Amino acid sequence: MPNKSGQKIKLLYLKDIFEQKTDEDHPLSINQIIDELGKYGVDAERKSLYRDIETLQEYGMDICSRREKHFVYYLGKRDFEEVELKLLADAVSASKFIPNRYTMQIIKKLGRLTSEYGAAKLDRQLYTEKSTNDEMSVIYYNIDSIYRAIDGNWQIQFRYFDYTMKKARELRHDGAFYLISPWALVWNDGMYYLVGYESKDKQIKHYRVDKMLKTTINEKLPRDGQQAFLDFDIDKYKRRVFGMYNGETRDIKMHCHKSLANLIIDRFGRKDIIMYPVDEEHFDVHVKVAVSPVFISWAMGLGDKLLVVSPESVREEIRKMSHRLIEVYAE
């Protein structure tokens, strides 16, 4: 028998063909598979292809067949279902800090995990405000540094900034470096946050990843704060800090109209609150929350449907903010 071209690499090309060119709605006959292999410069015979398909099935590929006019073959189950890839693609598209150029690159890579027909369905546009390429480079670099520091059990240092009303960056603490033991990355409201331990204050703190500058790993200092993170619950932490704004954590009692039940559960979590029916129209609830301007504004925004009952200090903060607003709009 004469030598056939490309036999050593034929199985790899055949694997690619099943992954990229087939699914349940787009099967291929043996003749069509031979034609596809020919595009790679590989000669194939029908009998050898049957053996090759059996080999790929033994390898673990879910290659299925059914009889139409002729027997046709396609790849059935994959590592990711189509709906799962759509969810991932939508999450990437909706991420504010990923510029459009990077978004398309990532979605294209996700498309390699399904057939070319499924990949075409991933190219859907979700319109959202995107970061610049410079911001993206900073975030990528910071995330990579944080994960490498966590894996290596090292501390990191960085400068941290805020934006001024002129949209300029203004470094906190006169540009001094923060020294933090990184323990987790948190995704919240379209932003990444570093959650870590500051040895100087002996506290768990969080920082916006996109506002970290000159991030470096300090391989001379092992991470601190392990004891503080033994029972750390990311979900509870996110709810407590309420939108990732700093504030003193307080026990708050609120008197609410029944129409707010879903909102309260969505905001604070079903497992972490107890709701006490007061009458047919109202309930009381106790929550732990970081009392900040964000919380005060949120409570005020619900009008007479929500009343903060205690502590009195929080009620007083709401009164003061209400008076300030009245004065502002009275002018």
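The values are calculated or read from the model by the stated rules, or taken from the named source; none is laboratory data. The model shown is predicted, which means the values in this text are computed figures rather than measured ones. Glycine gets a Cβ as well: all are built from the backbone with ideal geometry, and neighbour counts include every protein chain shown. Quick note on the areas: whole protein, heavy atoms, side chains included, nothing else; ligands and nucleic acids left out. Shrake-Rupley method; radii C 1.70, N 1.55, O 1.52, S 1.80 Å.
For residues that are among the acidic types (Asp, Glu) and under 20 Å from Ile139 (Cβ atoms), scanning just the range 150-181, find the one that is farthest from the chain's Cα centre (by Cα). First the steps, then the outcome.
Initial filter on the range 150-181 (among the acidic types (Asp, Glu)): 151, 162, 170, 174.
Filter again for under 20 Å from Ile139 (Cβ atoms), leaving 151, 162, 170.
Details: Asp151: 20, Asp162: 23, Glu170: 28 Å.
Taking the candidates together, the pick is Glu170.
Filter the range 36-54 down to the residues that are out of contact with any Lys or Arg (no Cβ under 7 Å at 6 or more places or on another chain) and either more than 28 Å from Leu110 (Cβ to Cβ) or among the small types (Gly, Ala, Ser) (or both) and list them by number.
Answer for the range 36-54, where residues must be out of contact with any Lys or Arg (no Cβ under 7 Å at 6 or more places or on another chain) and either more than 28 Å from Leu110 (Cβ to Cβ) or among the small types (Gly, Ala, Ser) (or both): Gly38, Gly41, Glu45, Arg46, Lys47, Ser48, Leu49, Tyr50, Arg51, Glu54.
Going through the range 270-303 one residue at a time, which ones are of a type in the set (Phe, Trp, Tyr) and part of a helix (DSSP H, G or I)?
The answer is Phe295, Trp298.
Restricting the search to the range 188-203, which residues are open to solvent by 50 Å² or more (accessible area, probe 1.4 Å) and in contact with a strand residue (DSSP E or B) (Cβ under 8 Å, 6 or more places away or on another chain)?
Tyr192, Lys200, Gln203
From Met212, Met244, grab the single residue that is open to solvent by less than 30 Å² (accessible area, probe 1.4 Å), under 26 Å from Tyr163 (Cβ atoms) and modelled with pLDDT under 90.
So the residue among Met212, Met244 that is open to solvent by less than 30 Å² (accessible area, probe 1.4 Å), under 26 Å from Tyr163 (Cβ atoms) and modelled with pLDDT under 90 is Met244.
Pick from Ile265, Ile318: which is assigned to a helix (DSSP H, G or I), without any contact (Cβ under 8 Å) to a residue 12 or more places away in the chain and among the β-branched types (Val, Ile, Thr)?
Exactly one residue qualifies, and that residue is Ile265.
Got a sec? Which of Arg67, Arg78, Arg46 is touching an Asp or Glu at 6+ places or on another chain (Cβ under 9 Å), basic (Lys, Arg) and farther than 30 Å from Val209 by Cα?
Arg78
Please indicate, with yes or no, whether at least one residue in the range 40-52 is among the charged types (D, E, K, R), modelled with pLDDT of 90 or more and under 30 Å from Tyr141 (Cβ atoms).
Taking every residue of the range 40-52 in turn, none turns out to be among the charged types (D, E, K, R), modelled with pLDDT of 90 or more and under 30 Å from Tyr141 (Cβ atoms).
Within the range 305-319, count every residue that is within 15 Å of Leu263 (Cβ to Cβ) and open to solvent by 60 Å² or more (accessible area, probe 1.4 Å).
Residues meeting the conditions: 2.
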